[in-house]
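Take a look at the structure below.
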Amino acid sequence: MHEEKQMNMCEDSNTRVTNELSKILKNSKSIEGPTTRYILNTTKVTLSELLKKERIGEKDDDKPHKVILLVGETGTGKTTLINAMVNYIMGVRWEHRMWLEVRECLDEKSQTTAVTVYEVFAWDSPFSLKVIDTPGFGNTQGCEKDQVIADALQQLFTSKDGIHEIDAVCFVLKASESRLHERQQYIQDAILSLFGKNLDENILILLTNSHENVPKKLLNFIEASKIPCAKDKDGKPVYFKFDNCQGECYDEEDRESYKSSWDNGIENFRKFFDFLNVINPRGLNMTADLLSARKQLDEKVSNWENKSLALENLKKKIEEAKHNLGDLEAYKITMNNFEYEVEEFYEEIGPIESSWWHGATCCTVCEENCHYPGCWWVKDLSWCSVMSKEGKCTVCTGKCHYTKHVKDDKIYEIKTRKVTKTEEKMKEKYENDIGENHSLLNQLQNEIKNIEETENRLVEECYQCLEKLMDTALKSSSMSSFRHLDFMIEKVKHSGKQERVQKLKEFKIRINK
């Protein structure tokens, strides 16, 4: 009687699963075998270059939902875990002889770089499931790739149609590890630095490739590392084990041996989701603010660094302008203020030796000696030998009329004197250069003043952002704060706020612990 009831339940279950999945499986890629493998054709929605959604089943906003974020190093079996979770929610069991893959198992280089939200809607499940996958977080691409993922999460947590509360942040680790190696420790610290302290009881440990034995060494190490996470009644970290064997390809004769893996997987997922049912989901406002503060800190420090470089460049230009002014002043001294002396010829009228026959015929217009000694015997200068028949002087510069001439006992004498002159073109160039350098100096000093005011503002704003990160993040060793601390400490020293310098040094000590 009992066996007949079980058979009927199995047949009912088979019918439900077939009906539920018929539309989904119809357009999915299938690989036949003892267990048919289906690569699901999901409904894809690209939200941005950094963020996308993939949906399985008919969307149902009225059904309660669970939201979990998975993070783990490449090779920990995260992809297989996501697929196993989808199979569990969709009601696939060992007897259905099928295996669903929402993400085909690809090598690391082929995997997407976008954060992906997998939405799973199953008719037979009491809740819908949203799994946030962070591919490549903490991998060898470095901090720039991790920052891209942080930006994608910020978009997801702040957009109108995004996710605003979360049930669990899950660290995926291989149970075979005896400790957290450096890369895993980095991933743990980096992801914890993205979330607010209100999520500490919603951090869970998921162990993959775990079979019968309890991985005591790894669990002891996790406990000793004091990872902020959910604790059981004994204060031990809450963890869940998964063996990741259900999706493996095997021959028909080996199929029975994998039933225990399916049964264990079903039981472990039941425990996992039962736990999610008793903990409260957490709002992501604090986390969204934290991600915003991280981004603001990155941008403000980048701006600060650019301003500092510009300030150093301006100071160099000011020194160059001052040096040029010094050179110009030295040049002015060397050039004797652009003045020089020359001997100048000039005419001066003076007496000549008095004699009845001495005299000079001089032009009063040209102020020149036209005939000396003059024609002493003539009374009318028109008769002077230097006058032409027309009565004009043939000697003076203006060839003036004889009536403009006089016969006197004075004569024009050519003498010399020293005259100071100015090299006008050189002086004009000097004055232009001096003016340009003074104008440049004033401009540079105004620019320095503006940059220093901006720097003072950025000092305060960066400090406030960093303080927020340190006070609200689950882990204070965020990539941003750690990267910027030394720069900020050095710069704040120049602001004279020694109490801030001391606080930043204390932050650094906390991060390095």
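Computed from the C-beta positions of residue 43 and residue 460, the FRET efficiency with R₀ = 45 Å rounds to 0.40. Extension gain, residue 232-residue 322: 0.36 nm per intervening residue step, less the Cα-Cα distance, totals 25.3 nm. The order of the peptides 83-92, 411-420 by mean Cβ neighbours within 10 Å, most packed first, is 83-92, 411-420.
Length available on full extension from residue 438 to residue 27: 0.36 nm per residue minus the Cα-Cα distance, which gives 140.3 nm. What does the charge count near residue 414 come to, summing +1 for each Lys or Arg and -1 for each Asp or Glu among other residues with Cβ under 9 Å from its Cβ? Local charge sum for residue 414: -2. Only helices enter this figure: runs of n ≥ 4 DSSP H residues, each worth -39500 (n - 2.57), summed and divided by the residues of the chain, yield -15000 deg cm²/dmol at 222 nm to the nearest 500. With K and R counted +1 and D and E -1, the other residues having a Cβ less than 11 Å from that of residue 504 yield a net charge of +3. Between 67, 338, 225, the Cα set farthest toward the positive side of the dipole of the chain (charges on each charged residue's Cβ, about the Cα centre) is that of 225. Compared with the dominant Cα axis of the chain, that is its longest principal axis, helix 479-493 is turned about 40°.
Label-to-label distance, residue 415 versus residue 330, with points set 7 angstrom from Cα along the beta-carbon direction: 4.4 nm.
For the chain, take the longest principal axis of its alpha carbons; what is the angle in degrees between that and the long axis of helix 78-89, to the nearest 10 within 0 to 90? So the inclination is approximately 50 degrees. A Cβ-based charge dipole, computed about the Cα centre of segment 340-421 with Lys and Arg at +1 and Asp and Glu at -1, lands at about 300 debye.
For the pair residue 312 and residue 367, the difference between a 0.36 nm per residue extended length and the Cα-Cα distance amounts to 13.0 nm. A Förster radius of 30 Å, combined with the Cβ-Cβ distance separating residue 385 from residue 348, puts the computed FRET efficiency at roughly 0.70.
Think of each Lys and Arg Cβ as +1 and each Asp and Glu Cβ as -1; about the Cα centre, that makes the dipole of segment 47-89 roughly 60 debye.
Note on residue 505 and residue 164: their simple-model spin labels are 4.5 nm apart, each label 7 Å out from Cα toward Cβ. Ordering 369, 385, 432 by the projection of their Cα atoms onto the charge dipole of segment 330-476, which places +1 on the Cβ of Lys and Arg and -1 on the Cβ of Asp and Glu, puts 385 at the extreme positive end.
Between the amide H of residue 128 and those of 65, 66, distances stay under 5 Å, these residues lying 5 or more places away or on another chain, with hydrogens modeled in the peptide plane.
Each Lys and Arg contributes +1 and each Asp and Glu -1, all at the Cβ; summed about the Cα centre of the chain, the dipole is approximately 620 debye. Each residue of segment 384-392 was assigned a 3J(HN,Hα) from its phi angle through the Karplus curve 6.51 cos²θ - 1.76 cosθ + 1.60 (θ = phi - 60°); the sequence is 5, 5, 8, 8, 7, 4, 7, x, 10 Hz, with glycine and proline shown as x. Here's how it looks for residue 169: its modeled amide H is under 5 Å from those of 69, 203, 204, which are all 5 or more places away or on a different chain. The residues 146, 234, 408, 471, when put in order of fewest to most other Cβ atoms within 10 Å, stand as 234, 471, 408, 146. DSSP finds beta bridges in the chain, and of those with both partners inside it, around 55 percent are antiparallel.
A crude spin-label estimate for the pair residue 449 and residue 220, with each label 7 Å from Cα along the Cβ direction, gives 6.8 nm.
For residue 487 and residue 428, a Förster radius of 45 Å and the Cβ-Cβ distance give a FRET efficiency of 0.40, rounded to the nearest 0.05.
Laboratory data are not the source of any read-out in this text; all were calculated from the coordinates shown. This one's a predicted model, so the numbers in the text were calculated from it and none came from an experiment. All Cβ positions, glycine included, derive from the backbone under ideal geometry; neighbour counts span all protein chains shown.
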